[in-house]
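Input: a single structure, listed below in structure tokens.
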Amino acid sequence: MKHALALVSTTVAALLAVIAGLGVLAALVVGLVLKEGELRQALTDRAGAATGRDLSIEGEVSLDLLTWTPSIVAHEVTFGNPPWASRPDMARIGRLALQVDLRAALRGTVRITGLSLEDVDLLLERDDGGRANWQLETAPEPGAKAVDVVVPERRAELPLIERLHVRDGRITYASPTLERPIVATFASLEARRERDRIAVAAQGSFKAKPFRLEGKAGDFAWLRAEGRPYPVAVELAIGATRASITGNIAAPLRFTGFDAQFALAGSTLREIHEILGLPLPPSPIYELTGRLKSSPALWRLEDFRGRLGGSDLAGDLQVDTSSKVPLLRAEVRSRTLDFKDLAGFLGETEVEGAPRGTAEAVEDELFVLPDDPIDLGKLRTLNAQVTFKGERIQRGGLLLNDVQTRFALAGGRLEMKPLDLGLALGTVAGTLIVDARAPRLRFAADMRIRGVDLGVLLAPLDPEQETRGRISGRFQLEGQGRSVHDIASRLDGEVVAYMNEGVISHILLEAVALDLPQVISTWFGQKERSVINCMILPVTISNGVARFEHLVFDAAEDTIIGKGFIDLGSESLQVRLIPYARDFSLFNAPSSVVVNGNLATRTLEVDKGHLVAQLAKKLLLAPFVPFLEMMKEDEVQPCRPVEEALKRERAAERAG
């Protein structure tokens with residue numbers, strides 16, 4: 001961002017320096033009229049003495065001197081570059097026509113009544129040391145004053161230009177900070193005075209994209225008036241990107257002091273990256289409006305409102321460019337935010353220019369979890385302090401509401417604290433940290449889940465809306481890696497989820513129970529729904545392997561206990577589920593189901609061996625107490641029947 005702002009301000013400064021240079025040229029013409037009437041040689045000699053650069057006129061030269069508005073027409077004009085530049089000439093002009101006001105000159109003012117340039121090739125260039133080729137400094141004669149035409153210190157130093165015409169112009173800007181030079185061409189550019197305004201119109205190309213500019217601004221008399229805000233009303237189009245600005249600039253020579261209404265729209269944010277170099281990804285169509293204000297190192301966009309695809313954002317933001325890494329401060333709110341519209345920011349493939357986000361499906365991937373490298377560089381190019389409030393956030397079939405967070409990004413470390421969101425009539429709250437300071441991204445999350453409604457959460461899978469019940473729990477996770485899959489394969493932590501009382505639809509069971517419709521029917525009968533007394537799912541994760549040793553699913557008809565693992569690195573899994581009779585006898589389990597496979601495909605087998613009962617007993621006698629104690633911290637007592645049964649079995653085991 002800081003680089004883009006510097007690029008715009010530097011280009012403006014260079015063009016102002018060129019305008020000031022035209023003032024020097026006009027002054028030379030006036031000098032010829034008032035003194036000697038010299039032509040080619042006198043003009044080139046005086047230009048060299050005033051600027052320290054070679055001015056060459058290879059074509060015809062004509063002067064019209066016997067008038068109060070003398071003029072010069074010159075062909076094949078070249079203006080030299082400093083020795084360090086990449087080519088000998090800074091400017092090449094096929095035809096130059098310049099007319100000045102002699103009466104204004106007698107009063108000490110340089111007034112250009114007409115300026116016409118044709119077949120122009122202008123090179124604006126910086127070197128590694130920061131020198132600019134438009135900076136003219138020399139003291140050619142003893143005692144002579146050096147000329148510095150970078151940007152005039154005072155607005156009154158600019159010449160007055162009443163009419164400007166450019167045909168077939170080309171401007172190239174080159175700098176070591178750019179991957180390649182920026183090239184803009186003008187088929188035509190017109191600026192003419194209308195009362196106290198200048199009407200501007202231009203068309204051509206910028207970075208090989210169609211370019212169009214229209215608008216009005218204060219005339220040069222206004223531009224020269226110190227302390228007077230300079231009015232602008234300009235519309236710009238580059239490719240499919242459109243921008244407009246209407247308001248005032250307090251310090252136009254320094255490109256600061258903006259107080260203007262700003263609008264930006266286009267088919268994809270990637271084009272802004274191509275134009276200004278801002279790190280923006282592909283996106284659906286977008287639009288943004290707001291009040292733009294600035295001081296020398298601070299840019300503010302107040303009361304902004306924007307849309308990206310089907311998502312909306314609003315608020316206030318400011319960017320402080322006084323440090324090496326820019327600092328963004330913002331307060332942002334959203335009524336609707338769809339992650340499909342943010343696919344490009346999340347590393348997913350986005351169809352550009354769509355009305356809404358339409359991330360392309362990626363087929364034939366080795367892993368289900370994305371393994372594309374995460375671009376850590378973007379987190380290091382900006383520091384930020386942002387508060388966000390979102391009413392409705394959509395991620396696929398997952399709907400979040402009342403999202404509130406404050407995140408701080410500093411030196412590549414992002415902390416979201418607190419992070420509070422509503423999910424299916426419940427809440428999820430905690431802290432999320434993403435640290436990109438090391439070569440591998442580090443991830444940490446500590447979140448508490450309270451009262452998430454299972455029926456609302458899984459409604460798309462249950463058309464009969466028979467499911468209900470509240471899930472609570474907690475997850476604490478840490479990992480590091482270069483992609484989502486890499487982080488998952490190194491993940492450590494624990495997860496526990498539990499539900500006390502509820503109802504679950506058999507349609508839903510068959511949809512989510514690992515493709516086991518026949519087994520579900522056998523275990524739970526032919527009813528449309530089952531009453532759930534208890535569900536406990538505690539998971540421990542170590543080095544990317546998630547193990548659940550004490551799964552309990554207690555329904556009115558049967559109880560299922562189980563264990564298993566999911567290796568997030570290889571994405572392989574094995575799960576053993578054991579049903580037993582509702583009377584809680586440990587030796588009546590008819591069979592178990594073993595599920596093998598990976599996150600994409602699975603197979604199952606039914607095991608009727610005599611070891612099943614012993615396994616069931618071992619699982620039920622396992623230490624559930626730590627998980628039950630954690631649940632009681634939330635002042636709930638889930639799974640009371642299971643807890644009582646565990647106590648009875650332990651007592652029987654000790655007595656036996």
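Given the structure, is T241 β-branched (V, I, T) and closer than 23 Å to R180 by Cβ? When the stated conditions are applied, T241 passes them.
For the stretch 44-58, the set of residues classified as at pLDDT 85 or above and either among the hydroxyl-bearing types (S, T, Y) or farther than 25 Å from L136 by Cα (or both) consists of S56 only.
Given the condition surrounded by fewer than 19 Cβ atoms within 10 Å (Cβ to Cβ), at pLDDT below 90, under 22 Å from D375 (Cβ atoms) and not basic (K, R), answer yes or no: does some residue in the stretch 295-305 qualify? Checked the stretch 295-305: no residue is surrounded by fewer than 19 Cβ atoms within 10 Å (Cβ to Cβ), at pLDDT below 90, under 22 Å from D375 (Cβ atoms) and not basic (K, R). Going by what's in this entry, would I112 be described as at negative phi and without any contact (Cβ under 8 Å) to a residue 60 or more places away in the chain? Answer is no for this residue. I'd like to check something: does the stretch 487-509 contain any residue that is modelled with pLDDT under 85, assigned to a loop (DSSP other than H, G, I, E, B), more than 25 Å from L421 (Cα to Cα) and among the basic types (K, R)? No, because not a single residue in the stretch 487-509 is modelled with pLDDT under 85, assigned to a loop (DSSP other than H, G, I, E, B), more than 25 Å from L421 (Cα to Cα) and among the basic types (K, R). Just one of the listed residues (E157, E162) is modelled with pLDDT of 80 or more, surrounded by 14 or more Cβ atoms within 10 Å (Cβ to Cβ) and within 22 Å of G108 (Cα to Cα), namely E162. Selection within the stretch 54-103: residues that are assigned to a loop (DSSP other than H, G, I, E, B) and of a type in the set (D, E, K, R). The member of this set that is surrounded by the most Cβ atoms within 10 Å (Cβ to Cβ) is D101.
Are any of the residues in the stretch 278-287 surrounded by fewer than 17 Cβ atoms within 10 Å (Cβ to Cβ), modelled with pLDDT of 95 or more and not aromatic (F, W, Y)? Yes, the stretch 278-287 contains at least one residue that is surrounded by fewer than 17 Cβ atoms within 10 Å (Cβ to Cβ), modelled with pLDDT of 95 or more and not aromatic (F, W, Y). For the stretch 359-385, residues that are modelled with pLDDT of 70 or more, among the aliphatic types (A, V, I, L, M) and touching a helix residue (DSSP H, G or I) at 6+ places or on another chain (Cβ under 8 Å) total 2.
So in the stretch 247-270, with the set limited to residues that are among the aliphatic types (A, V, I, L, M) and under 18 Å from G306 (Cα atoms), which one is surrounded by the most Cβ atoms within 10 Å (Cβ to Cβ)? Among those that are among the aliphatic types (A, V, I, L, M) and under 18 Å from G306 (Cα atoms), it is L269.
Any residue at all in the stretch 307-315 that is modelled with pLDDT under 85, part of a loop (DSSP other than H, G, I, E, B) and either surrounded by fewer than 20 Cβ atoms within 10 Å (Cβ to Cβ) or out of contact with any Lys or Arg (no Cβ under 7 Å at 6 or more places or on another chain) (or both)? Checked against the condition, which is being modelled with pLDDT under 85, part of a loop (DSSP other than H, G, I, E, B) and either surrounded by fewer than 20 Cβ atoms within 10 Å (Cβ to Cβ) or out of contact with any Lys or Arg (no Cβ under 7 Å at 6 or more places or on another chain) (or both), the stretch 307-315 yields no hits at all.
Residue-level check: of (1) of a type in the set (G, A, S); (2) under 22 Å from R395 (Cα atoms); (3) free of Cβ contacts under 8 Å to residues at least 60 places away in the same chain, A408 misses just (2). What number of residues within the stretch 160-193 are within 23 Å of G94 (Cα to Cα) and either part of a loop (DSSP other than H, G, I, E, B) or not basic (K, R) (or both)? Final tally of qualifying residues: 22.
When L461, L457 are screened for being at pLDDT below 85 and out of contact with any strand residue (DSSP E or B) (no Cβ under 8 Å at 6 or more places or on another chain), only L461 passes.
Okay, residues lined up against (1) modelled with pLDDT of 80 or more; (2) closer than 28 Å to G502 by Cβ:
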site	(1), (2)
I541	yes, yes
A556	no, yes
F565	yes, yes
L568	yes, no
Y580	no, yes
E605	no, no
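Taking the stretch 234-246 as the range and being of a type outside the set (S, T, Y), surrounded by 17 or more Cβ atoms within 10 Å (Cβ to Cβ) and closer than 30 Å to R154 by Cβ as the test, the residues that pass are L236, A243, I245.
The values are calculated or read from the model by the stated rules, or taken from the named source; none is laboratory data. Given the structure is predicted, the values throughout are model-derived calculations rather than measurements. Cβ sites come from the backbone with ideal geometry, for glycine too, and all protein chains shown count toward neighbours.
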